[in-house]
Amino acid sequence: MPEAPVEPAAPMSKPPRSSVLVVDDNAAGRYVTVHVLRSGDHTVAEAATGAEALEKAASLQPDLIVLDVNLPDISGFEVARTLRQNPALGAVPILMVSAARVADTDRVLGLEGGADAYLTHPIDPAVLLATTRALLRVRFAEAELRQLNTQLEEKVARRTVELQERSAALEAQSAELARQGDRLAEVNSDLEAFAYSISHDLRSPVRHIMGFADLLERRLGEGLDPQVQRYLDNIGRSAETMNTLIDALLAFSRFGLQEINLGPVNLQALFEDVRAEQTQDVQQRQVEWEVSSLPVVQGDRQLLRLVLTNLLGNALKYTRTRDVARITVHADETPEAWTISVQDNGVGFDPRYQNKLFGVFQRLHYQHEFEGTGVGLATVRRIITRHGGNVTAASAVNEGAKFTFTLPKSS
C-alpha cells in the first residue's frame, strides 16, 4: 500500500520577546553578536568583563546569557559557576562561546561547569539564533512549569485546608449528633421506664375504684335509685376503660424495651393466621378480601404479627358501616425493601389530621362510634421503625384508608 502523505509540520509559535545579556571583552565580536540577536527580536544588554557580567545579571535578571570564555578579569567558566550558585540566576540558560577554546575538552569543561550550550567561532548567525531560541524555549517552558507547579501547590494547599476544615466540621457535627443520640436514647429509655412504672402503679388504684364501686353497689342492695345506679355504672365503665388504657400503655412501653429477634418471616402464612383470628368476630358480616402474594421478610415474627393484627383489625372495624367490606392487602418489591399496604373502603379520616394517627392515645373518631385505645397505630409505627422501615397513611372522609409500611431486605 502507498504510504500516506506526510503533512507539513505546523510552524513553531514565536517565542515571547526575551532579554539577553551578551558578555564579551572583544568589542567587535560583541557588536556582531548583539546585532544578530536584536535582529531576532531580542532585547540585548552588554558586558565586557566577568565582574560586570555578574553585576548586570543580578540587576537585569536576563532570560539568557551569551558568555565568552576568555574575559580579562575572570574566565567565563568561573562566571558560569558563580551564576549557578546564585538562587536567583541558577535557572538562567547560559550559551558559552569561544574563539580560542575550541577543543572537545573545552566543551566538556564548559557544559559541566554550568553552560547549557557551547558554540565556537566563527558562529553562523542562523545557528546562533536557532540555539538561542532553543534555549529560551526550554527556559520559558521550565518557567511556565514552575508557575503551574506553584499554582497547583497553592491550589492543593487551599483544598487541603478546606478539606481539613470540612473534616473538622463534620467531626464536630458527628460528635454532636452522637451526643444528641445518646441523650435521646437516654430520654427514650427514661420515658419508657416512666410509662412502665406509671402504668404498673396505676393498676392498684383502678382496681380499688372498681372493687369499692362493686362493694358499694352490693351494700346498697336492690332497688337503688336509678340515678345512683347510673353513677355506679359510669364509675365501673370508666374504671374498665382506664384499666384498658393502662394495659395498652404498658404493652406499648414494653415494645421499646424488648429485644428484636430477627429471622425469616413468611408474611403470607402470618397474614392467614391473623385473618382467621380476626374474622371469628365478624362472621355475620360480608367481607371481600383481595390479597396478593406476600413475601418472606426479615423481622421479628411476634412483633410483625402485632402489626398485621392492628392494621387488619382497624380495616375490619372501620368498614363496619359498609354493607360489603372490601380489604386489599398488597406487596411491592424494590431492590432495597418490601412495601406492604392494607387498604379498605371504610369511613376513612380527615387527611388534615393524619399526623395525629400514630401518636399514643390519638383518635380521629368518637369512642361511641368505634371502640379503641388509640395505641394500636403508635405500636405499629414503633415496631416498623425498630425494623428499619417506615409507616404512612392516606385517606379521605368516607373514602376508605390505606396504610403502608416498608421492611428493608437486610437489617
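Quick notes on this one:
- Checking residue 384 against (1) modelled with pLDDT under 85; (2) outside any strand (DSSP E or B); (3) touching a helix residue (DSSP H, G or I) at 6+ places or on another chain (Cβ under 8 Å), the condition it does not meet: (1)
Let's see how each residue does on (1) under 51 Å from the mean Cα position of the chain (by Cα); (2) over 14 Å from residue 19 (Cα atoms):
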position	(1), (2)
60	no, no
69	no, yes
90	yes, yes
98	no, yes
106	no, yes
152	yes, yes
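- Test: residue in region 334-343 that is open to solvent by 70 Å² or more (accessible area, probe 1.4 Å) and either basic (Lys, Arg) or in a helix (DSSP H, G or I) (or both): no
Yes/no matrix, rows are residues, columns are (1) part of a helix (DSSP H, G or I); (2) open to solvent by 70 Å² or more (accessible area, probe 1.4 Å); (3) at pLDDT below 90; (4) not hydroxyl-bearing (Ser, Thr, Tyr):
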{"position": "131", "(1), (2), (3), (4)": "yes, no, no, no"}
{"position": "150", "(1), (2), (3), (4)": "yes, no, yes, no"}
{"position": "165", "(1), (2), (3), (4)": "yes, yes, yes, yes"}
{"position": "178", "(1), (2), (3), (4)": "yes, no, yes, yes"}
{"position": "182", "(1), (2), (3), (4)": "yes, yes, yes, yes"}
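- When residue 101 is tested against (1) open to solvent by 70 Å² or more (accessible area, probe 1.4 Å); (2) part of a helix (DSSP H, G or I); (3) not hydroxyl-bearing (Ser, Thr, Tyr), exactly one condition is not met: (2).
Quick grid of which residues meet (1) aliphatic (A, V, I, L, M); (2) surrounded by 10 or more Cβ atoms within 10 Å (Cβ to Cβ); (3) closer than 30 Å to residue 66 by Cβ; (4) at pLDDT 90 or above:
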site	(1), (2), (3), (4)
107	no, yes, yes, no
121	no, yes, yes, no
147	no, yes, yes, no
169	yes, yes, no, no
192	no, yes, no, no
200	no, yes, no, no
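- Among the candidates 157, 141, the residue that is hydrophobic (A, V, I, L, M, F, W, C), within 60 Å of the chain's Cα centre (by Cα) and farther than 27 Å from residue 58 by Cβ is uniquely 157.
- Listed by first and then second residue, the pairs linking a residue in region 297-308 that is within 17 Å of residue 388 (Cβ to Cβ) to a residue that is aromatic (Phe, Trp, Tyr) and in a strand (DSSP E or B), with Cβ atoms under 9 Å apart and 6 or more places separating them unless they lie on different chains, are 297/338; 307/405.
- Residues in region 87-98 that are in a loop (DSSP other than H, G, I, E, B) and either open to solvent by less than 70 Å² (accessible area, probe 1.4 Å) or touching a Phe, Trp or Tyr at 6+ places or on another chain (Cβ under 9 Å) (or both): 88, 89, 90, 91, 92, 93.
- Positions within region 293-324 being assigned to a loop (DSSP other than H, G, I, E, B), more than 20 Å from residue 394 (Cα to Cα) and either open to solvent by 70 Å² or more (accessible area, probe 1.4 Å) or out of contact with any Phe, Trp or Tyr (no Cβ under 8 Å at 6 or more places or on another chain) (or both), in sequence order: 293, 300, 323
- Among the residues of region 38-55, those that are in a helix (DSSP H, G or I) and either touching a helix residue (DSSP H, G or I) at 6+ places or on another chain (Cβ under 7 Å) or closer than 22 Å to residue 133 by Cβ (or both) comprise 38, 39, 50, 53, 54.
- Residue within region 69-86 that is in contact with a Leu (Cβ under 9 Å, 6 or more places away or on another chain), in a loop (DSSP other than H, G, I, E, B) and exposed (fewer than 11 other Cβ atoms within 10 Å of the Cβ) present: no
- Within the span defined as region 355-378, every residue fails to be at pLDDT 85 or above and open to solvent by 20 Å² or more (accessible area, probe 1.4 Å).
The values are calculated or read from the model by the stated rules, or taken from the named source; none is laboratory data. Note that the structure is a prediction, hence the values are computed from the model and not measured. Reconstructed Cβ throughout: ideal geometry from the backbone, glycine too, with neighbour counts over all protein chains shown. Please note that ligands, DNA and RNA were not included when accessible areas were found on the heavy atoms of the full protein model with its side chains. Shrake-Rupley method; radii C 1.70, N 1.55, O 1.52, S 1.80 Å.
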